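Worksheet: one structure, shown below.
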Amino acid sequence: TSRQVIYEEGAQIRGLNIYIENDTLNIGGWNYQDDDGGVTTPWSYTSVRKKIYANTPYFAVLEFDFDGASGQVSGAVNGEDLGALPGAGKLFTHSGDIGIGAMNEGSCFDGGACLTGENYYFDGIFAEFISENIVYNAAQLLIVHNYLAAKYNITLPTGDDLYDYETNHGYEVFGIGQQNDTSYHNTAQGQGIIKIENPGNLGNGEYLLIGHDNGSISNWTNTEVPNSDINIQRVTREWRADETGGDIGTITFRTDTTSFASKPAGFTTYVLMTDSDGNFTNGATVTELTADGDEFY
């Protein structure tokens, strides 16, 4: 029932913020000074909004691009595109610091109130904060939404859920895909040790996402290896891949072996084991990987 600042940058003249007011999440911005002779500034506080509920996980995305003729600020909540801030022009350089979890020095709010000080503390829990210096295209933004949805058990809008294994393999979800001919992402690694790139037949609406079960990669085991072969040991961690929208063709698969334990005595080769039933004991395909420094592909 109170005002709670989640994120803000700037102060009374220019800035952006994400804050809660009563039962509504606001994603907004302002630039009250005329910085370009009236071409795009000044513009008053404006926002897009979403009703929210207590004791519920949310992820909010504030994205801005001021390279164009007028610039744009847009928002999304739990994968739902809330659109561009109505009436927003460019946001010019400011010296105001960033506040996370409270107002830092000052901020503006819906209705035009611009306040100073440090106040309006967030009364929830931050699970993660991501800051990027690029403008995501539609394909990249959809992949980020799926990463967050899998990690925090959030339901995405119909048609946007690209990954079906979040219950058991929801860790470090990453992927490649294409929304259209100008919106695509064809190289991905995330924070993990697996990298995929160079899809051979990536088409519109086609994605490949991968996540894992958070099993250990710091030791080797001979459990669940093909035919109990004593010449094979594996890490406990298992990854699941989910292809959506069609066949993207062949890919280049790389793994960074610096995070693995040293190879056991007598073992010299890295292999990739793949199977469709989640168990490598029977029917797994074993593919030898080629060395490329500390990466194998």
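The values are calculated or read from the model by the stated rules, or taken from the named source; none is laboratory data. Fair warning: this is a prediction, and the values are worked out from it, not measured in the lab. Cβ atoms come from the backbone with ideal geometry, glycine included; neighbour counts cover every protein chain shown. Surface accessibility is based on the protein's heavy atoms, side chains included, excluding ligands, DNA and RNA. Shrake-Rupley method; radii C 1.70, N 1.55, O 1.52, S 1.80 Å.
Here are a few things to note about the model shown:
- Residues that are closer than 21 Å to residue 6 by Cβ, of a type outside the set (A, V, I, L, M), open to solvent by less than 70 Å² (accessible area, probe 1.4 Å) and in contact with a strand residue (DSSP E or B) (Cβ under 9 Å, 6 or more places away or on another chain) within region 42-56 comprise 45, 46, 47, 50, listed in sequence order.
- Taken over region 207-233, the criterion of being of a type in the set (Ser, Thr, Tyr) and in contact (Cβ under 8 Å) with a residue 60 or more places away in the chain is satisfied by 207 alone.
- Annotation: of all residues in region 57-69 being at pLDDT below 95 and open to solvent by 50 Å² or more (accessible area, probe 1.4 Å), the one that is farthest from the chain's Cα centre (by Cα) is 69.
- Residue list for region 22-41, restricted to those being surrounded by fewer than 18 Cβ atoms within 10 Å (Cβ to Cβ) and either within 15 Å of residue 75 (Cβ to Cβ) or touching a residue at least 24 places away in the same chain (Cβ under 8 Å) (or both): 23, 24, 32, 33, 36, 39
- Residue match in region 220-242 (condition: closer than 27 Å to residue 161 by Cα, of a type in the set (A, V, I, L, M, F, W, C), open to solvent by less than 50 Å² (accessible area, probe 1.4 Å) and touching a helix residue (DSSP H, G or I) at 6+ places or on another chain (Cβ under 7 Å)): no
- Complete set of residues in region 161-181 that are open to solvent by 40 Å² or more (accessible area, probe 1.4 Å) and either among the small types (Gly, Ala, Ser) or in contact with a helix residue (DSSP H, G or I) (Cβ under 6 Å, 6 or more places away or on another chain) (or both): 166, 179
- Residue within region 243-259 that is at pLDDT below 95, more than 24 Å from residue 164 (Cα to Cα) and more than 23 Å from the chain's Cα centre (by Cα) present: yes
- Close pairs from region 190-206: first under 17 Å from residue 242 (Cβ atoms) and modelled with pLDDT under 95, partner open to solvent by 60 Å² or more (accessible area, probe 1.4 Å) and part of a strand (DSSP E or B), Cβ under 6 Å, at least 6 apart: 190/172; 192/172
- Any hit, region 219-228, residues being more than 16 Å from residue 270 (Cβ to Cβ), small (Gly, Ala, Ser) and out of contact with any Leu (no Cβ under 8 Å at 6 or more places or on another chain): yes
- Restricting 117, 124, 112, 99 to those that are touching a residue at least 40 places away in the same chain (Cβ under 8 Å), more than 28 Å from residue 163 (Cβ to Cβ) and either surrounded by fewer than 17 Cβ atoms within 10 Å (Cβ to Cβ) or in contact with a Gly (Cβ under 6 Å, 6 or more places away or on another chain) (or both) reduces the list to 112.
- Selection within region 82-96 - of a type outside the set (A, V, I, L, M) and either part of a loop (DSSP other than H, G, I, E, B) or buried (at least 17 other Cβ atoms within 10 Å of the Cβ) (or both): 86, 87, 89, 90, 92, 93, 94, 95, 96
- Residues of region 58-83 that are closer than 14 Å to residue 138 by Cβ and among the small types (Gly, Ala, Ser): 74, 76, 79, 83.
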